[in-house]
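The values are calculated or read from the model by the stated rules, or taken from the named source; none is laboratory data. This is a predicted model, so every value here is computed, not measured. Virtual Cβ from ideal backbone geometry, glycine too; neighbours counted across all protein chains shown.
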Amino acid sequence: MNSLTILKHLGSDLRSARNSRGLTQAELASRAGLPRLKVIQVERGEASVSIGAYADIAAALGQALTLAAARRPTLDEVGALLADA
């Protein structure tokens, strides 16, 4: 799994966490102390965003960034990644 795929997964996971908490991107941005555009970029999994922004958003969601063994994506995940490209 390459770094861009990992970032796409991370962004997607953070978006899901935000949605499950019923937060808008603007509300999350305010909680994380970041501009809304940064939340958008993180949820897209953009590589140009600092790891600090990813960590700020995770913390605002009550989440931690942790390492896990890479796995092969499911067909649904591949489809979602290709749709985002």
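Checked against (1) within 15 Å of S16 (Cα to Cα); (2) assigned to a helix (DSSP H, G or I); (3) free of Cβ contacts under 8 Å to residues at least 12 places away in the same chain; (4) within 13 Å of the chain's Cα centre (by Cα), A55 meets all criteria but (1). For V49, the criteria (1) under 12 Å from the mean Cα position of the chain (by Cα); (2) assigned to a helix (DSSP H, G or I) hold in every case but one, which is (2). Among the residues here, S30 does not qualify as assigned to a helix (DSSP H, G or I), exposed (fewer than 13 other Cβ atoms within 10 Å of the Cβ) and modelled with pLDDT of 95 or more. Going by what's in this entry, would L82 be described as out of contact with any Lys or Arg (no Cβ under 8 Å at 6 or more places or on another chain), without any contact (Cβ under 8 Å) to a residue 40 or more places away in the chain and not in a helix (DSSP H, G or I)? Taking the combined requirement at face value, the residue does not satisfy it.
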